[in-house]
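A.B. asks: One structure follows; several queries about it will come next.
Any read-out appearing in this document is the output of simple, stated calculations on the displayed coordinates, not a laboratory observation. It should be emphasised that the depicted structure is a prediction, and the values quoted were computed from it without experimental measurement.
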Amino acid sequence: MPVRLGSVGRPIPGGHVTIRDGVVVYGGDNVMMGYGESRDDLGRGDKLAGVLDTGDYGRLDGDGYVWLEGRAGRVVKVMGLRLDLDEVQARAALFGSPAALVRGDDLLVLVAGPLPDSAARAAFAAELGLPPVVVRWRQVAAIPWAGNGKIDLAALEALV
């Protein structure tokens, strides 16, 4: 099988992938039955019916390879432009330890460290395709991290 650098590959034998509204949907006999939160849930049967909405934006190429393009839960619209907040954070890493949120119609970039100067902020906004006025910056003492190594979004929300 040829390597497609950047692709997550093809579905495993017996599985299939479709794209629904830009989101990767996996189907197959190996899909979990659902989450059990209590003992009673174990007797409810297969809630997912062999189909799992992955929560990942992606696409399929003509040869059946899956390409991931971001998490649906962290993709937002600012001024009609779709932005992946994880990608925004990766780009903002030039300015320290960043986190990104949306507040109303604005993109809010929180930075643990000195804020970039106005020219750097304008260039950052332009790179995202946004006018600088909708990209707000805020300096914070520290970005809160969860035990799993990801930003603690609940604690982050409490900062703003």
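A.B. asks: Could you calculate the contour length gain from E37 to T54, that is, 0.36 nm times the residue separation minus the distance between their Cα atoms, to one decimal place in nm?
C.D. replies: On the way: separation 17, 0.36 × 17 = 6.12 nm, distance 1.97 nm.
Contour length minus the Cα-Cα distance gives 4.1 nm.
A.B. asks: Next question, about the same structure. Between segment 1-61 and segment 112-134, what is the C-alpha centre distance in whole Å?
C.D. replies: Between the Cα centres of segment 1-61 and segment 112-134 lies a distance of 37 Å.
A.B. asks: Quick check: from the Cα gyration tensor, does the chain come out rounded (a/c under 1.5), prolate or oblate?
C.D. replies: Working: a/c = 2.57, a/b = 1.65, b/c = 1.55.
Prolate, since a/c reaches 1.5 and a/b exceeds b/c.
A.B. asks: Which residues' amide hydrogens lie under 5 Å from the amide hydrogen of D56, considering only partners 5 or more residues apart or on another chain, with H built in the peptide plane?
C.D. replies: Those lying under 5 Å, H to H, from D56 are V24, A72.
A.B. asks: Return the long-range amide H neighbours of G113 (sequence gap of 5 or more, or a different chain), with a cut-off of under 5 Å between placed amide H atoms.
C.D. replies: HN-HN under 5 Å from G113: V140.
A.B. asks: What are the ³J(HN,Hα) couplings of segment 18-29, residue after residue, when phi is run through the Karplus curve with 6.51, -1.76, 1.60 and θ = phi - 60°? Round to Hz, x for glycine and proline.
C.D. replies: Once θ is set to phi - 60°, the couplings for segment 18-29 become 10, 10, 10, 6, x, 9, 6, 10, 9, x, x, 5 Hz.
A.B. asks: Translational diffusion coefficient, Stokes-Einstein: compute it for segment 15-72 using the Kirkwood radius over C-alpha pairs as Rh, at 25 °C and 0.890 mPa s, and state it as an integer in µm² s⁻¹. Let's see the in-between values first.
C.D. replies: On the way: Rh = 12.5 Å.
This corresponds to a translational diffusion coefficient of 196 µm²/s.
A.B. asks: Expressed as a rounded percentage, what relative contact order does the chain have, with Cα pairs under 8 Å and six or more residues apart?
C.D. replies: On the way: 242 pairs, mean separation 22.4, N = 160.
Rounded, it is 14 percent for the chain.
A.B. asks: Tell me the mean residue ellipticity at 222 nm calculated for the chain from its helices only (DSSP H runs of n ≥ 4, each -39500 (n - 2.57), averaged over every residue, nearest 500).
C.D. replies: -4500 deg cm²/dmol, from helical runs alone.
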